[in-house]
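A.B. asks: My questions all concern the structure below.
Quick note: the coordinates plus some simple rules give every number you see, no bench work behind them. As the structure is a computational prediction, the values presented were derived from the model and not from experiment. For neighbour counting, all protein chains shown are included, and Cβ atoms are generated from backbone atoms with ideal geometry for every residue, glycine included.
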Amino acid sequence: MQHIVIIGGHGKVALHLARLLADRGDEATSVIRDAGQSGDIEQAGGTPLVLDVEKADVDEMAEAFSGADAIVWSAGAGGGSAERTYAVDRDAAQRAIDAAAKAGVRRFVLVSWIGSTPDHGIDPDDAFFAYADAKLAADDHLRASELDWTILGPGTLTLDPPTGRITTAPQGEGEVSRADVAAVAAAALVQPTTIGRFIRFGAGETLIAEAIADTAIRTTGENA
């Protein structure tokens with residue numbers, strides 16, 4: 001049994017992930033900002049932990065991570081102002097990475113997005129630029145750490161039912177269900193070949209465990 005801390009615990013991907021972890025006998029602690037969300041966490045099989053990561057410092061996060069085997073970052077500002085996007089998707093994520101290191105939790109899986117590369121091509125005047133810029137900064141901070149990291153780059157998220165299958169050579173926007181993103185995160189936690197890799201993926205025909213075990217996927221942001 002592993003103890004996994006899920007940050008952004010009330011998100012749709014995170015709730016799916018808590019269920020998957022509970023079903024396989026792992027312990028999921030889901031970090032949430034609103035205590036009123038605790039019932040949803042418990043229903044999913046997780047244990048709620050109220051902590052506002054937008055405001056928490058490294059020490060507070062490290063205390064929350066103490067004793068965990070791995071951290072999954074699945075939080076996000078969810079749009080809105082650029083200021084809050086940077087505060088959550090960049091600054092809070094970077095503090096969480098530093099906190100994991102301070103707490104001695106080496107395994108860190110970060111849910112990013114399919115286009116998170118230096119040449120993402122988002123115009124600075126585009127409202128989406130803050131998200132792309134913030135995510136890339138968080139990803140790069142994780143890459144520069146000494147943690148055993150995996151960065152997941154799913155395509156456009158949907159509410160479709162899970163298929164258990166993906167492709168690591170997605171076309172276009174690489175649409176993929178949130179349930180399958182959660183399944184990829186769960187599988188990555190137990191697949192050592194995912195360490196040190198940025199895995200871009202969308203819906204496909206390959207079983208998730210097989211797809212992410214493909215060590216031909218490079219760490220530079222490009223899938224072989």
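A.B. asks: Net charge around Leu207, counting only other residues with Cβ within less than 14 Å of its Cβ (Lys, Arg = +1; Asp, Glu = -1)?
C.D. replies: -3
A.B. asks: What number, in percent, do you get for the relative contact order of region 3-212 if the mean sequence gap of Cα pairs under 8 Å and at least 6 apart is divided by its residue count? Could the numbers behind the result be given before it?
C.D. replies: Working: 453 pairs, mean separation 39.7, N = 210.
RCO, region 3-212: 19 percent.
A.B. asks: Continuing with this model, one more query. In nanometres, what is the gap between the two model label sites at Ile195 and Asp125, each 7 Å from Cα along Cα-to-Cβ?
C.D. replies: The two pseudo-label positions are separated by 4.7 nm.
A.B. asks: Given labels modelled 7 Å from the Cα in the Cβ direction, how far is it in nm from Ala144 to Arg84?
C.D. replies: 2.8 nm
A.B. asks: Please go through region 1-85 and write out the trypsin sites (Lys or Arg not before Pro) that DSSP classes as loop and that have at most 15 other C-beta atoms within 10 Å. Present the calculation step by step, with values, prior to reporting the outcome.
C.D. replies: Working: sites: Lys12, Arg19, Arg24, Arg33, Lys55, Arg84; in loops: Arg24, Arg33, Lys55.
Hits after loop and neighbour filter: Arg24, Lys55.
A.B. asks: Another one. What translational diffusion coefficient, to the nearest whole µm²/s, does the chain have by Stokes-Einstein, given a Kirkwood radius computed over alpha-carbon pairs, a temperature of 37 °C and 0.692 mPa s viscosity? Provide the component values of the computation, followed by the final result.
C.D. replies: Values: Rh = 17.1 Å.
The estimated diffusion coefficient comes to 192 µm²/s.
A.B. asks: Using only the alpha carbons of region 61-153, determine the length spanned along each of the three principal axes and report them from longest to shortest in whole angstroms.
C.D. replies: Principal-axis extents of the Cα atoms in region 61-153, largest first: 42, 23, 16 Å.
A.B. asks: What does the charge count near His3 come to, summing +1 for each Lys or Arg and -1 for each Asp or Glu among other residues with Cβ under 9 Å from its Cβ? Please list the in-between numbers first.
C.D. replies: Details: positive: none; negative: Asp26, Glu27, Asp69.
So the environment of His3 carries a net charge of -3.
A.B. asks: Now, a different point. Determine, from the Cβ-Cβ distance of Val50 and Lys12 and an R0 of 22 Å, the FRET efficiency 1/(1 + (r/R0)^6), rounded to the nearest 0.05. It would help to have the intermediate numbers written out before the result.
C.D. replies: Values: r = 19 Å, r/R0 = 0.88.
Taking R0 as 22 Å, the efficiency between Val50 and Lys12 is 0.70.
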